[in-house]
Structures are given as C-alpha cells and as structure tokens.
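What follows is one structure encoded as structure tokens, with my remarks underneath.
Each reported figure results from applying straightforward, stated rules to the coordinates on display, with no laboratory input. Everything numeric in this text was worked out from a predicted model, so none of it was measured. When we count neighbours, we look across all protein chains shown, and the Cβ atoms used for this are built from the backbone with ideal geometry, even at glycine.
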Amino acid sequence: MSQLTAIADALTFTETHLKDDISVSDMAEAASYSLYHFSRVFNGLVHHTPYDYLMRRRLSESTRWLAETDRKIVDIAFEYHFGSHETFSRAFKRMFGMPPSEYRELSADAGGPVNHPRHLPPLTADYLKHINQQDLLWPDPEEQPPIDVTGLMSWVDQPSAVSTLWEALERELHNLARGPEPEAFYGIIWYPRNRRGQGYFYLAGFLDPWLGPLGAGRRPFHPGLVTKTLPDLVCARFVHSGTRGCLPFTRGYIYHTWFSHASWGAALPMEIERWGDGGRPPRDGACACDILVPISSTEL
Amino acid sequence: MQPRIVDKERIMLAGVSFFGDPFAETGGWTEENEIGRLWKRFFEAAAGTGLACEDPKSASPILEVHVEGPEAAARGHREVFIGVQIDELDEVTIEMQVKNLPAVTYAVFTFRGDRITSDWSQLVTEWMLEEGYRYAYPFSFQLYDSRFAGLDQLESSEIDVYIPVARRENVPADGDS
C-alpha cells in the first residue's frame, strides 16, 4: 500500500469519526502505521500534523452547526470534544480570527454560512496527489507592479462560468483584430466582503496598453469590456500545474494550509491567475499558471 | 413617445459587472435575478466609498448598462454593468472596475410608473425605425437618480433610458475618438 493510500485511509477514518473521541493513535491505526511513522508521513503529505488536521476539521464542521442551527455553543463544543466552551472558543478564534458567537452573527446577517477562507474541507487522495507533485508548496514572494487588466467580468458560482468568460473573451479578441496582441492573460478573482456561499467575481482579461482607461480611444471603442486597475502589490507566487479542474485544490492549499502556517496574512480578498510569455488561458485540459496572492505582514 | 436627443461626452464609470444570461433563473424585473443580485453587490462594493449609497435622494445617479453584442446575444448572453460616473481613476476602489462609454448622441426616453417595468424595447425599436435611426453601439443604459423611489414605489418613480443612436446613413465605423 502506498503512503498516499495509507494516509487517505486515515483521512477517511477521521472524517467518519469527527464527533467520536478519537486520538492520533486511532488515525495511525487506520493507516496501519506506527504512531511515529504515521505522524511523519502524514505531516509530509498533508502539511498539517495529524492533531492539527483533526482539530481544524472539527472546527470547520462546527461552523455549519453555528450557522444553520441555534444550538448552544457549549453543546457544539462538547459534541466535537473540546472539553469546554472556553477551549472551543479559543481554538475557533485561533483558526478563524473571530469567536464562534461572531461567526454565528455574521452568518445570520449573510443569511447562510459564511465561507471563511481558512475553512478546511475534508481532504482527499486526489488533493494530496495534486499538491505533492509540484512546486506549489513553497511560494516565492514577488512584487507585482500596478497593472490595468481589461476583459470580461462576472459573478461566478460554478466553474463552467469561468470557461464561458474565457470563451467569450476569445471571441471579443478576435473582433479586436487591429492593434498589438495582448501581452499576457490574467484571471482576477475577487471575493466579496460577505463570503456567503462559494461565489466570487472573476475577470477574464489581458494586459493591453491600448485598452486600459488611460489608453481608451486608441482601440476601436468596445463597450463590452471592463478594466480593473490593480495597485502595487506584494504577492506570494504559487506555481500551478495540472488541469483547470485542479485549481480549487491549489487555492485550497493556499488558504487553508499555507496561510495557516505562514508568517504572512492575506492583504486583500483576491488572487490573480497569470498566464505569462504569451501563454493562453486554457479551454480545458492541462493548464499551468502562476497564482499570485497579495500578502502583508498583518492578516486582513 | 418622443425622446430627447442629447450629445454626451465619453462617460467613465466605476462599478461591477455580470456577464451571462441574467434571466436564466428568473425573468423580468425582480430583485431575485442576476441583475437584482448585481445591484446588491454594487452597493456592497460601494459601501463606505462615498461613490454611491442606497438612498436615492442623496445618491449620485447610478447607471445600469446593458451590452449586447451579436455573438453574445446569439448565446443569450449579455453584459450588465452597474456603476456611477467618475472623473478620475483615483476614485475607483479596488473592488470596482472601470467601463468607458463613448462620446455619442443618445435618444433619451423617460419612463414613469408601470411603464418602467414594461417591455419598452419594442417602443424604442419602433421609434428608431420611424425616425431613421439605428443603434450607434450595441449597448444602452438606464439612469436611476433621485426620481426613482424603488421597485415597490413605481407609481412615484421615473427613469431615463439612454439609447446611443446614429442616423442610418451615418453609423460610426471605428470608435468614438
């Protein structure tokens, strides 16, 4: 049995026993590993210690109960084996930056569970395979100079909407035959302040000095395009390679795992996909791009 | 109904946009389709910026722009952009995008009461045919200002619909500049 399969077994076991009084030893047993070997391998593949993973999964699951029920917080704490209201609240605040009562209020205001970026979903073998086969685990810091990205923007709550935008942009570019080729393509994701549900704004765009607000008028007028101006940013650059369908894995790793250990915080609720060197955004199949996440020394 | 004919300089807007079929789930004038949701997102993005607020009495006019190119239209898609006019790029917050509308002549139709939610596109098309106009660009916008009291108070509301027009023999071939 491969290490990945063994750890996936432990993840499945953990998932079905979140409300049971289990320990790291039980997780190791599910993987058929010794405790020492299990901890080492788990940490190497999941990038959380087994105990940290168990706690984060329990806390992530508790958000659903906080948002969707009016059960007492202390009851939810006991259900997930936190021992006391205080222990649960302290752990919750460490993970989500707010006490459970505040999360409950935010969700009530939003009319449903707030999709917090540190929320850790159940991890799968496919996820582990994806994040461990490439260089995305350790990003490089990078200064991103101000840019104007022009393209089509929409609210996206399902992956197919992103493909629709890129396909539509491709057709629009075809119609803009005059002038230089775009210098690079960018997908800009912007999360709303109220993160209810899974949606976000997505701009499928390109760098074009002829089309930014400052260059308006040099291109034939095109009413269908919008321009987003990004300021000077310091970003963590993650290299994504895989299919477009794997992008949620990469994003997930960045937010629920890398940020939870990094000394940086998210500077803005956004990220930038960059296809450089004339690369075109993918229609489907393989895609390789940089994912730039604005960072600062303090959490947003 | 006779519209006013007005010339406008280039308009720079800051706002948010939607691309796709806004009526995929719910048709018509309702706050529960993508356009209704886009208004909510616009106000969220504008909150605290001073650019716009939900009180129509004290707000700057808000434009709802519909862009419908022939290719997108063939798929039932259009772009809807909701924004406010700005003079300087400095006014754009990072949550918002910029859209430029060209300097062009507009036919401005004013609709009141139930007329606002009726299908006035037919009326606009008939007027253009009768008067020898056509769309100068494939977009239009609705202007909401202090005269609009809300969807629940249509009887005391009024909006302007701006249609970029050109005489049929005089269509701009290549942009506004």
Please give the net charge around B:Ala107, taking every other residue with its beta carbon less than 15 angstrom from that of B:Ala107, where Lys and Arg add +1 and Asp and Glu add -1. 0
Please state the relative contact order of chain A as a whole percent: Cα pairs under 8 Å, 6+ residues apart? 18
Angle, helix A:159-175 long axis vs. longest principal axis of chain A, Cα atoms, 0 to 90°, nearest 10? 10
Apply the Kirkwood formula to segment A:3-129: the hydrodynamic radius equals the inverse of the mean of 1/r over all pairs of different alpha-carbon atoms; give it in Å with one decimal. 15.2
Taking the Cβ of each residue in B:Leu151, A:Leu152, A:Leu169 as the centre, tally the other Cβ atoms inside 10 Å and list the residues starting with the fewest. B:Leu151, A:Leu169, A:Leu152
Full-extension gain between A:Tyr51 and A:Glu68, please, as 0.36 nm times their residue separation minus the C-alpha to C-alpha distance. 3.5 nm
Residue among A:Gly83, A:Gly44, A:Leu54 farthest towards the positive dipole end of segment A:41-103, charges placed on Cβ: A:Gly44
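Would you list B:Tyr144, A:Tyr51, B:Tyr135 from fewest to most Cβ contacts within 10 Å?
Details: B:Tyr144 21, A:Tyr51 13, B:Tyr135 17.
Starting with the residue having the fewest Cβ neighbours, the order is A:Tyr51, B:Tyr135, B:Tyr144.
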Inter-chain Cβ neighbour average for residues B:86-99, partner chain, 10 Å: 5
Suppose only helical runs count, i.e. DSSP H with n ≥ 4. What mean residue ellipticity at 222 nm does that imply for chain A under -39500 (n - 2.57) per run, divided by all residues and rounded to the nearest 500 deg cm²/dmol? -11500 deg cm²/dmol
Between helix A:50-68 and chain A, what is the angle of the helix's C-alpha long axis to the longest principal axis, kept within 0 to 90° and rounded to the nearest 10? 80
Three principal axis extents, largest first, for the C-alpha atoms of segment B:4-167, in Å? 46, 34, 33
By the C-alpha gyration tensor axes a ≥ b ≥ c (rounded if a/c is under 1.5, else prolate when a/b exceeds b/c, else oblate), the shape of chain A is prolate
Among the listed pairs A:Lys72/B:Lys40; B:Lys40/B:Lys99; A:Lys93/A:Lys228; A:Lys72/A:Lys93; A:Lys72/A:Lys129; A:Lys129/A:Lys228, give every one whose C-alpha distance is greater than 29 Å. A:Lys72/B:Lys40; A:Lys93/A:Lys228; A:Lys72/A:Lys129; A:Lys129/A:Lys228
Using a cut-off of 14 Å between beta-carbons, work out the net charge of the residues near A:Glu29 (Lys and Arg +1, Asp and Glu -1, A:Glu29 not included). -3
Select from A:Ser163, A:Phe238, A:Ala28 the residue farthest towards the positive end of the dipole of chain A; place +1 on Cβ of Lys and Arg, -1 on Cβ of Asp and Glu, and compute about the Cα centre. A:Ser163
